[in-house]
């Protein structure tokens, strides 16, 4: 392999990495900005502690059911982009078997994210 071929491989690799990173960032931003409104009933809630004794975080999960019986697992996490900072308080105020109008961000079962995120909700009359 001569010097020119080696440089072309390196430049090609750098361009590939740049395009890959740009694509990941663009896809993440587009997914975060996708907002939808749904009416659904809370079936169950759970949270998962992540980390060790020094650094601990918690993921809040909510199972919701649509009117047609289809279930979806969503999260209730802080979203700085959407100004949603009190996710834990909102999570704990959700009542099982109550119906809400949720404002969700993200795509269900997409390539990058597994769950849509609750960023707002209001309880509907049951």
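The values are calculated or read from the model by the stated rules, or taken from the named source; none is laboratory data. Computed from a predicted model, the values in this text were never measured in an experiment. A quick note on method: Cβ atoms are made from the backbone with ideal geometry, for glycine too, and the neighbour counts reach across all protein chains shown.
General remarks:
- Flag: residue 39 does not match the condition of being modelled with pLDDT of 75 or more and either assigned to a loop (DSSP other than H, G, I, E, B) or touching a helix residue (DSSP H, G or I) at 6+ places or on another chain (Cβ under 6 Å) (or both).
- Selection of the range 104-126 for residues being at pLDDT 90 or above and not in a loop (DSSP other than H, G, I, E, B) yields 121, 122, 123.
- Check on residue 25, at pLDDT below 80 and part of a loop (DSSP other than H, G, I, E, B): no
- Which numbered condition residue 57 misses (of (1) under 18 Å from the mean Cα position of the chain (by Cα); (2) at pLDDT 75 or above; (3) over 24 Å from residue 101 (Cβ atoms)): (2)
- Pick from the range 79-103, criterion at pLDDT 90 or above and assigned to a loop (DSSP other than H, G, I, E, B), ranking: surrounded by the most Cβ atoms within 10 Å (Cβ to Cβ): 94
- Pairs are defined by a Cβ separation below 7 Å, a sequence spacing of at least 6 or placement on different chains, a first member in the range 41-54 that is farther than 16 Å from residue 77 by Cα, and a second member that is at pLDDT below 80 and loosely packed, with under 14 Cβ neighbours inside 10 Å; the pairs so defined are 51/57.
- Selection of the range 42-62 for residues being surrounded by fewer than 13 Cβ atoms within 10 Å (Cβ to Cβ) and part of a strand (DSSP E or B) yields 46, 48, 49, 50, 51, 56, 57.
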